[in-house]
Protein chains: 2
Amino acid sequence: MKHVSACFGCEDRKMNTSEKKKPVLKTRLTQRLEISHPVISAPMAFAAGGALAAAVSQAGGLGLIGGGYGDAEWLENQFRAANNQPVGAGIITWSLSNNPDLLDLILQRAPKAVFLSFGDPGPFAAQILSADVALICQVQTLRDAKHAIDIGADIVVAQGAEAGGHGEKRGTMSLVAEVADYIAKSAPDVLLCAAGGIADGRGLAASLMLGADGCLVGSRFLASNEALVHQNVKNAVAAATGDITLQSSVTDIVRQKVWPDRYKLRVLKNQFTDRWHGHEAELRKNTAEHENWVKGWEQGDTEASSVVIGEAAGLISSVAPAADILNDMVEHAADLLAKSRLYLA
Amino acid sequence: MKHVSACFGCEDRKMNTSEKKKPVLKTRLTQRLEISHPVISAPMAFAAGGALAAAVSQAGGLGLIGGGYGDAEWLENQFRAANNQPVGAGIITWSLSNNPDLLDLILQRAPKAVFLSFGDPGPFAAQILSADVALICQVQTLRDAKHAIDIGADIVVAQGAEAGGHGEKRGTMSLVAEVADYIAKSAPDVLLCAAGGIADGRGLAASLMLGADGCLVGSRFLASNEALVHQNVKNAVAAATGDITLQSSVTDIVRQKVWPDRYKLRVLKNQFTDRWHGHEAELRKNTAEHENWVKGWEQGDTEASSVVIGEAAGLISSVAPAADILNDMVEHAADLLAKSRLYLA
């Protein structure tokens, strides 16, 4: 089992990290990654650019650029936008398999971590670990958690189905605890983060109680000033309840992304999903709808295109700077943990 | 808003409650219900008989008899088996609508609470509340939580999709926090319990962090000595991981229960679900399979019939007395909460 080294980057980065917020919560994650807050921002494809990742890292968490399907130019631009903050990058694993050179590009930027999800991380682990970069593997089942640990993951993110974007079926509550049991028994040096349905200090505190070392947060940071989505999308998230999301393939079909069938995309229910969810075969043949959807996406039409978000939408009521989101989350969690002695009779 | 009165039953019951375990965790739930531990055992149809409910109540929680679809003779037998312990009873709401006299039967036994789930509790609320019995409404969405509060629920149970038995789509993690926000803003005297994926002290502690006053536990108590299911079923639960459950209608179809489409039943994947999930129309017409399933159920054939369980199966590795399960859960949660100050930097 490889331990993440104390030094992830250049001297500039070390100087930047000295500006970070005073730690409030201390966990194995903050110690291992030398960060102040046990929170990682999810590498949301398209939405988590360099500005968001940098803001999260600068505020004391670990920010990840969402490399998604892997566009080299976009990735380079976003690393540039991160402005030498110690960020990491995520990439969709099955997509990386189609374009493995992208991993070279990412590693050349000396990322603080590489985050792989949705596919077999095995073929890429050695290259990442030999570059002395932390390997974060997101998993949706216990079975995949075991595999991630077998191939050398430093950090496992156990993602429940309430998460936004792509996911599977298991809920966060029991998945995290079950993976924690496995890690405790079989690989105690591996760290664990909870993901799915976590948008504030309550979810962070609950994650720690379940046995995680921290959490991964997506939806809440989508509704941040820095996220690269249309303002209408952020406003729709702030207005939504958690009841009005669904997992569906229609967004991937209309935007012509060929995902493995086991992963569905959680989005807000809207006119687009009302029309097409359950009519996937028909949608595949409808090129006009593809154009409508792309136009809607570009224009911020939250009914004609898609709002990719988790059930945590119901916990989000504002659009705010990422640093404020992170600081509020950690302070709230610390307050809950400090007060937990009041439950003791 | 009606407050639950201090006295739920006869003098005998008061004497029995004095035998209870010393409180370890104190919440609004323990105070309001005058119980020692903030844990309610789920009224699992067929499985949660009087012995299980009584064991949970005697150990300091609140035990609920699973009235299920409503068989008067079974209910009377189970109240008798509860041996004057202060238990409550649950019943499937849409089923009660077909046979409302059962509520009279339950209220005649002076239950500590009546638990309604899966349907509109509105038509039954006045009768329960006017009998000065605590009304517990289990909900699967924020929308239904609002309705439960509107019709006078004393306690709302927010049940995530990882739960065993019937459920819906939302995950526990965000649903609980979102309902907690609504209660804090609109009905602060209403109590909240988390359900779904909770099988040990970690889930209980996490529930409190999410803003709940306690939790409802089903799967863990199914694998108790007292549960009224075949020993093979309990052993199958203890052996399973959380990865091998699914929500499906095939069990309801084969046992000829006509459930509203929004609710699916979470069961272990087995030969029965492998054969029939996705072939529901064919199953409806297959009377031989009905007979096979019933025979398998009676004989404890966990492949030919169904094991009704949640994703928390992955957190369960033993069959134990209900009192031990409850005491371990509460002591573990108390320990986690006491140690949570160690996270504070």
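The values are calculated or read from the model by the stated rules, or taken from the named source; none is laboratory data. Just so it is clear, the model here is predicted, and its values are computed rather than measured. As a convention, Cβ positions derive from the backbone with ideal geometry for all residues, glycine included, and neighbour counts pool all protein chains shown. Calculation scope for accessible area: heavy atoms of the full protein, side chains included, ligands and nucleic acids excluded. Shrake-Rupley method; radii C 1.70, N 1.55, O 1.52, S 1.80 Å.
The local environment of A:L102, defined by Cβ-Cβ distances under 13 Å, has a net charge of -4 under the rule Lys, Arg +1 and Asp, Glu -1.
Along each principal axis, taking the top coordinate minus the bottom one, the Cα set of the range B:188-238 gives 43, 20, 14 Å in descending order. Binning all Cα-Cα separations of the range A:267-345 at 10 Å, short to long from zero, yields these whole-percent fractions: 15, 30, 21, 17, 12, 5, 0.
Write down the Å³ per residue value for the convex hull defined by the alpha carbon atoms of the range B:157-210.
Measuring per residue, one finds 73 Å³ for the Cα hull of the range B:157-210.
With no solvent and one equal point scatterer placed on each C-alpha of chain A, evaluate the Debye formula and give log10 I(q)/I(0) for q = 0.10 Å⁻¹, two decimals. Listed by q, the Debye log ratios stand at -0.54.
Accessible-area loss of 20 Å² or more (1.4 Å probe, protein heavy atoms, chain alone versus all protein chains) is found in the range A:202-231 for A:R202, A:A206, A:L208, A:M209, A:L210.
Here the range B:39-144 exposes an accessible surface that is 46 percent carbon and sulfur, computed with a 1.4 Å probe and the other protein chains kept in place. Inter-copy label distances for B:V294: 5.9 nm (label point placed 7 Å from Cα along Cα→Cβ; shortest first). When chain B is treated as a GNM with alpha-carbon contacts under 10 Å, the residue of B:K185, B:K264, B:K146 showing the greatest mean-square fluctuation is B:K185.
In the protein assembly as shown, the ratio of gyration radius to Kirkwood radius, Rg to Rh, stands at 0.98 when only Cα atoms are counted.
Working value for the range B:19-77: equivalent-ellipsoid semi-axes of 25, 11, 8 Å, each the square root of 5 times a Cα gyration tensor eigenvalue, largest first.
Here the protein assembly as shown carries DSSP beta bridges of which approximately 25% are antiparallel, counting only pairs with both residues inside. Rounded to the nearest 5, the antiparallel percentage of DSSP beta bridges internal to the range A:159-307 is 65%. If you take the accessible area of B alone, add that of A alone, and subtract the area of the pair, what total do you get in Å², probe 1.4 Å, to the nearest 100? The contact between A and B buries close to 3800 Å².
Under a model in which nothing but the beta-carbon of Lys, Arg (+1) and Asp, Glu (-1) is charged, chain A shows a dipole of about 700 debye around its Cα centre. Which parts of the range B:236-254, residue by residue, lose 10 Å² or more of accessible area when the rest of the protein chains are there, as against the chain isolated (1.4 Å probe)? Correct list: B:T241, B:G242, B:D243.
Would you calculate a helix-derived [θ] at 222 nm for the protein assembly as shown, using -39,500 (n - 2.57) for each DSSP H run of n ≥ 4 and dividing by the full residue count, to the nearest 500?
Details: 34 runs with 296 residues, N = 690.
That comes out to -12000 deg cm²/dmol.
Normalised per residue, the accessible area of the range A:77-169 is 32 Å², obtained with a 1.4 Å probe and no contribution from ligands, DNA or RNA.
With one equal scatterer per alpha carbon and no solvent term, the Debye-computed log10 I(q)/I(0) for the range B:226-324 at 0.22 1/Å reads -1.16.
The local environment of B:N232, defined by Cβ-Cβ distances under 13 Å, has a net charge of -2 under the rule Lys, Arg +1 and Asp, Glu -1. For the range B:113-133 versus the range B:319-343, the spacing of their alpha-carbon centroids is 31 Å. Over the range B:75-171, the fraction of Cα-Cα pairs per 10 Å bin, rounded to whole percents and listed from the shortest bin up, is 16, 48, 30, 5. Would you mind checking the tilt of helix A:172-186 against the longest principal axis of the Cα atoms of chain A, expressed as 0 to 90 degrees and rounded to 10? The angle comes out near 40 degrees.
Checking the Cα-Cα distances for A:K22/A:K339; A:K146/B:K269; B:K234/B:K264; A:K26/B:K22; B:K26/B:K264 against a 24 Å cut-off, the pairs over it are A:K26/B:K22; B:K26/B:K264.
To the nearest 0.05, what FRET efficiency results for B:R28 and A:A110 with a Förster distance of 45 Å applied to their C-beta separation? So, using R0 = 45 Å, E works out to roughly 0.35. For chain B, the longest principal axis of the Cα atoms and the long axis of helix B:72-81 meet at an angle of about 50 degrees. Enclosing the Cα atoms of the range B:47-127 in their convex hull gives a volume equal to 79 cubic angstrom per residue.
Counted over all Cα-Cα pairs of the range A:160-251, pairs farther apart than 23 Å make up 31 percent. Residues considered: A:G314, A:G218, A:G164. Largest GNM mean-square fluctuation over chain A, using C-alpha springs under 10 Å, is found at A:G314. Summarising the strand pairing of chain A, around 20 percent of its internal DSSP beta bridges are antiparallel.
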